[in-house]
Structures are given as C-alpha cells and as structure tokens.
Amino acid sequence: MSIASGPTGGPVLIVGSVAYDSVRTPFGEVTEVLGGAASYASVSASFFSPVRMVGVVGEDFTYEHVATLAHRDIDLAGLQRSSGKTFRWSGYYEYDLNQAHTIATELNVFQDFRPDLPANYRDTPYVFLANIEPGLQLSVLDQMRRPKLVVCDTMNFWIESAREKLLEVLARCDIALMNDAEAREITGEPNLITAARRVLDLGPGIAIIKKGEHGALMMSRESCFTAPSYPLEEIRDPTGAGDTFAGGLIGYLARCGETDDETLRRAVIAGSVMASFTVEDFSLDRLLRLSPEEVAERYHEIVAMTRFGAF
Ligand code: AMP
C-alpha cells in the first residue's frame, strides 16, 4: 500500500485534551498556541483515516482553530464548547529535549467535562484514548460498542494522581503507549524491557514504549520490535511528539484494517515519521503544512536507513 495516497480506512475516534499551550525550548518560545493531545493525534491520524474527535474547549477557543481542525478530515461533532476557559498547559525544555518540565496545568473546562458521544460515534472501530483524566477515558470506552482496537496513552500527571483508574484503562485496552519514564513509574521497574513486560501483565496485548529521539520499543507476548526514530538535525519543540506518534500509529492501522505483527511494525514507523515532522516546529505548525508525499518520502528514507544484510 502506498502511504501517500490519502485517507481511505478508519474511522478513528480520538478523545483527549484540546489545549492552549505556552512552551519554551532552547530554540524559541510561544504563548497560548494550539496544542493538546487530541489535536496533535487527530491531525496526525487524519493523514491516514477519517477522524472523529471527542473533547471540550472553552468560550475562548477561536473559530480559526475550529476551522483548522475541520479543514482536515476531522469530524468535530464530539467536540463540545463549554462556558469557561480552554485547558491550558505550560512547560519548558532544556537541552535534553526528551524531558518536558511542566510549569502549570489548568484543567479549566476539563474539570466538569462529561463526554457524551454522538450516536454515530459509538460504533467507531478504532479508538485512541489520548492523554486525559483516566476516568474520562473510561467513560468514553463505556459508551463504545465493541471497538476493534483500543489504544491508550497517559502521562506522569495521571500516574501520580489517578493511578487506580489508569490501571482500569490499561486492563481494557489492546495497545498501551507510554514513554520510558512513564513505563518505569507505572511498573516500578528500572529496566525498560522488563517494564514493558510488566505493562503486558496489566492487560494490554501490546506495549509500545516511546524513547523520544531514541525511537520506540514494541513488545507483545510473542515478539519484540525496536524502531529507530528519524535522525533529525533540527528539533525546535518536542511538544506533541508522543501524541502525533499515536495518531500516526492508529490512523495507519485503521487504514490497513489489520493488526498483525507486520502491519503493527509499519504503523510504528508511520508514527515515528509523523512525530519527526511535529518536532521541527512549534505547536501544530509543521503538521499543518505537511503533505502526504513528504510523509511517504520520509517513511522510505527510514526503511533505507535501517536496512542491513544477513549475518
Ligand atoms: P506530548 O508532548 O505528546 O506528551 O503531549 C503534549 C500535549 O499534552 C500538550 O499539547 C499539552 O496540552 C497536553 N497535556 C499536557 N499535560 C496534560 C494533562 N495533564 N492532561 C491532558 N493533556 C495534557
């Protein structure tokens, strides 16, 4: 299958934060720009499959940003607008771009958010529970009718503040995504391979551990795949890399309609390719000016870079 031929499969339901982010990196600073796990994941997935988005924004969320999302193949019937302010996150990165330092998290309209899925969303076959309060992730799952594949993500904020609910989410998902520090924190296990296996003990059939610029590790009970990340010389802002990876992964799987090991490996590479674009600029700027041809080209470059002969 060509990955440059536009979305045909899916659809994919994505629930998560839609945010205004303020971010400082050694390479620049932005204030109140479009962000949020669901925004990155949805735009990324929309390169491969139609997307249905579930989330909430406040009265301050601009129509320009609504139009930015709607302009992609993203159905916004599940994006509520509530009175109050949009979720805000602010953070900074030092030269080690793998480590985000949170300055403030303002839940705002997420505080009282009760997801209520439009009737036609409930049969969506592919579901991505992006980073959001685990109770909300569960409430979305409760409204779904037997999805084919559920992928979930989380972060340290929820591991520390909502661990029990998060364990319930993990028990109900097929693929658990987390970064290396989160895998260690959830399992209490310093070795990443052992931590990935412990994540499998919590329920999911597959654990994918993201290692930032060092790639990703996919572990199932039968196999292990270690994927490189695309070697970039210029990274401006790593915010959203994980969500973009996840969106690319599930969008690609939805488009293929398969979840065998071979397809999963390609999906991990598709996720890495999408993430490598996000980090080239702040907010969703690079993703929004990305073409499917550039995605395909970078995918093939990774394939060429990691090919090696038999021993
Ligand atoms: P990532 O860099 O992929 O881990 O995700 C960054 C995005 O996650 C930012 O755009 C933030 O708006 C969003 N985010 C940060 N903290 C939270 C949180 N506690 N809950 C939900 N989303 C968050």
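The values are calculated or read from the model by the stated rules, or taken from the named source; none is laboratory data. None of these values were measured; they are calculated from a predicted model. Note that each Cβ is placed from the backbone with ideal geometry, even for glycine, and that neighbours are counted across all protein chains shown. SASA here: full protein model, heavy atoms, side chains in, ligands and nucleic acids out. Shrake-Rupley method; radii C 1.70, N 1.55, O 1.52, S 1.80 Å.
By DSSP, the beta bridges lying fully in the range 1-149 are antiparallel in about 35 percent of cases.
No disulfide-compatible partner, judged by a Cβ distance under 4.7 Å, exists for the following cysteines of the chain: C224, C256. The listed residues R289, R24, R52, once ranked by accessible area (1.4 Å probe) with the largest placed first, stand as R289, R24, R52.
With contacts taken as Cα pairs under 8 Å at a separation of at least 6 residues, the range 154-256 carries a relative contact order of 19 percent. Split the accessible area of the chain by element, probe 1.4 Å, and carbon with sulfur accounts for 49%. Put a plus charge on the Cβ of each Lys and Arg, a minus charge on the Cβ of each Asp and Glu, and nothing anywhere else: the dipole of the chain about its Cα centre is then about 800 debye. Close amide-amide hydrogen proximity is noted between G78 and M53, each under 5 Å apart and 5 or more residues distant or on a separate chain (H modeled in the peptide plane; Pro and chain starts excluded).
Decide, for the range 66-161, between rounded, prolate and oblate: order the square roots of the alpha carbon gyration tensor eigenvalues as a ≥ b ≥ c, take rounded if a/c falls under 1.5, and otherwise choose prolate if a/b is larger than b/c, else oblate. Judged from the Cα gyration tensor, the range 66-161 comes out prolate (a/c at least 1.5, a/b above b/c). Taking Cβ atoms as reference points and 12 Å as the exclusive limit, the residues near T194 contribute a net charge of +1, counting Lys and Arg as +1 and Asp and Glu as -1.
Computed packing ranks the peptides 55-66, 198-209, 220-231 as 198-209, 55-66, 220-231, most packed first, by mean other Cβ atoms within 10 Å. Think of a 1.4 Å ball rolled over the protein heavy atoms: the chain then has 43 Å² of accessible area per residue. For the chain, the membrane-span-like helices by this rule, meaning whole DSSP H stretches whose C-alpha atoms cover at least 18 Å of axis and whose Kyte-Doolittle mean is 0.5 or above, are 241-256; this says nothing about an actual membrane.
Return a whole-number percent for the relative contact order of the range 9-306, with Cα pairs under 8 Å and 6 or more residues apart as the contact set.
Relative contact order, the range 9-306: 19 percent.
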